[in-house]
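One structure below.
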Amino acid sequence: MYDNNNIFAKIIAGKIPCKKIYEDEHVLFFEDINPVSKIHILGIPKLKCVNFSDFVANNNEKTISNFFKKINMVIESLGIKESGYRVISNSGIDGGQEVPHFHVHILGGEKIGSKIR
Ligand code: 5GP
């Protein structure tokens, strides 16, 4: 069940500010408030999806494909395509998910350790 009051829903609604990297009508990419690497960006679809499984199971291929293509576009715009990066999506209790709105972390700008985010 999606929580309409989660922090990312408030960011999408403009009720809480964020440092935007890219935004269009479907997606939003912004800086993580507590970065764990030199580059730490969060990417979210503007949909009521709790986690990765919810997003993939309940949306059409165009929506899913668009989100992943936008992740890649942001990676290119950050200039980390060649140096490398990590894309992560935490889900549920074992996955360590804190915010119950589907999101990916894009980490880069330096070597990312083996256990991070
Ligand atoms: P999760 O553990 O759910 O995968 O990651 C949630 C992420 O959201 C964390 O890395 C945390 O630092 C970030 N975060 C939590 N609250 C805010 C906020 O208000 N603004 C921003 N920009 N990031 C947030």
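Observations, loosely collected:
- With respect to the conditions (1) outside any loop (DSSP other than H, G, I, E, B); (2) of a type outside the set (D, E, K, R); (3) within 16 Å of the ligand (Cβ to nearest atom); (4) out of contact with any helix residue (DSSP H, G or I) (no Cβ under 9 Å at 6 or more places or on another chain), Gly113 lacks only one, and its number is (1).
- Only helices (runs of 4 or more DSSP H) whose full extent lies in segment 47-104 are considered here, and the ones with at least 1 residues that are farther than 19 Å from Glu25 by Cα and in contact with a Ser or Thr (Cβ under 6 Å, 6 or more places away or on another chain) are 52-57.
- The residue that is nearest to the ligand (Cβ to nearest atom), counting only those in segment 20-44 that are within 17 Å of Gly109 (Cβ to Cβ) and aliphatic (A, V, I, L, M), is Ile33.
- The set of residues from segment 24-64 being polar (S, T, N, Q), closer than 11 Å to Phe102 by Cα and surrounded by 14 or more Cβ atoms within 10 Å (Cβ to Cβ) comprises just one member, Asn51.
- Flag if Ile16 is assigned to a strand (DSSP E or B) and within 13 Å of the ligand (Cβ to nearest atom): no
We did not get these values from a lab; they are worked out from the coordinates using the rules stated. Just so it is clear, the model here is predicted, and its values are computed rather than measured. As a convention, Cβ positions derive from the backbone with ideal geometry for all residues, glycine included, and neighbour counts pool all protein chains shown.
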